[in-house]
Amino acid sequence: MMTRKLDLNLLRVLCALVENKNVTETGIRLGMGVSSVSYALNKLRDHYSDPIMMRTKNGMQPTSLALDLYKHFSPALNLIEPASTDKKLPSPDKNFFRIRTNSVLENWLAWKFMNDEGAEIQNAVFEFNNFSNDSEARIEALRRKQIDIDIGTSLAIDSSIIEYQIILRNVHAVCQVNHPRLQGKVTLEMLKKENLVAYVLPKDSSEIDLEKYLFYFGGISSLSRRIRVSSYDTLLMLVSHSDAVCFMPAPLIDYYSKMYNIKTLETDVVNGHAITIYANILKSAKDNPVIKSIISNLMTLAD
């Protein structure tokens, strides 16, 4: 073991991380913020010159050294504070909802919540947390109620989860309102001469499917797009303040055109294209009025 002194609180964090394998749950258990747990983890890494916890497709896993440290220190901590390892995570506030989704829908949903005058939504607290893009980790997060609703790609069939399919029909080309060249009807050849920017799915997995972008058209793949970003706000900021062109699901254009200096281009290039997203919840939550309201809002995108 290292001879340098180590704060007892760091050992508490180490043991809780090994047991929970999750920064958020560790913070709840110890009464700490997520940033404080992350800071403590970095201190442990510096002290032992070891990652301590590694991110894998199955979530965070302790290193061999972390397990050895846990076996060494956990009994001592139990003697000092016997109840520390017996603490259970407090039940989440029934009015608190954590949503995992991408930046496209996070922006849209947050605005919906801010302007919804219904009592259920007004009395609820919402947190958007991308959590993980790994399908197994997403399912586990739903099962463990770390996430209340997961919106994105389809998940593997699970008996405890209900999946709602939402089809966003049609995709349109979008540019800034005063674009110097793109006015009236726009052809494929005209688009090929413009700076195309693309939205890319955020990923923390090497799965090839996550390398795919929203769509392809006219032989132009996303790889020919000079700038690709995982934040829709960044994408629309670029389009609003430059001559760049991007593509947007038609059901979201009305909302985003009010927020950004953008307009829809008249073109047949991507007509008929549809994007399918999925909202996943636990079956046990299907009658929750807030969850039902969120699903109803999402379904309006498919109208």
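Within region 28-40, residues that are touching a residue at least 24 places away in the same chain (Cβ under 8 Å) sit with their Cβ atoms under 8 Å from residues that are outside any helix (DSSP H, G or I) and crowded, with 16+ Cβ neighbours inside 10 Å, at 6+ positions apart or across chains, in these pairs: Ala40/Met32. Among the residues of region 254-303, just one is closer than 25 Å to Ser242 by Cβ, of a type in the set (A, V, I, L, M) and exposed (fewer than 14 other Cβ atoms within 10 Å of the Cβ), namely Met259.
Within the set Asn288, Asn280, the sole residue that is under 27 Å from Ile121 (Cα atoms), modelled with pLDDT of 75 or more, out of contact with any Leu (no Cβ under 8 Å at 6 or more places or on another chain) and polar (S, T, N, Q) turns out to be Asn288.
To keep it simple, each residue is scored yes or no on (1) assigned to a helix (DSSP H, G or I); (2) charged (D, E, K, R).
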| residue | (1), (2) |
| --- | --- |
| Lys263 | no, yes |
| Ile277 | no, no |
| Ser293 | yes, no |
| Ser296 | yes, no |
| Thr300 | yes, no |
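Among the residues of region 140-179, those that are surrounded by fewer than 18 Cβ atoms within 10 Å (Cβ to Cβ), closer than 28 Å to Ala198 by Cα, within 19 Å of the chain's Cα centre (by Cα) and not small (Gly, Ala, Ser) comprise Thr153, Leu155, Glu163, Tyr164, Gln165. Please specify each residue of region 180-190 satisfying the condition of being crowded, with 18+ Cβ neighbours inside 10 Å and either more than 15 Å from Asp268 (Cβ to Cβ) or out of contact with any Ser or Thr (no Cβ under 7 Å at 6 or more places or on another chain) (or both). The answer is Leu182, and nothing else. Number of residues in region 36-91 that are in a loop (DSSP other than H, G, I, E, B), at pLDDT 90 or above and small (Gly, Ala, Ser): the value is 1.
Listed here are the helices (runs of 4 or more DSSP H) enclosed by region 95-148 that have at least 2 residues being over 18 Å from Ser296 (Cβ atoms) and in contact (Cβ under 8 Å) with a residue 60 or more places away in the chain: 103-115, 135-143.
The values are calculated or read from the model by the stated rules, or taken from the named source; none is laboratory data. Note that the structure is predicted; figures quoted are calculated from it, not measured. Every residue, glycine as well, gets a Cβ built from its backbone with ideal geometry; the counts of neighbours run over all protein chains shown.
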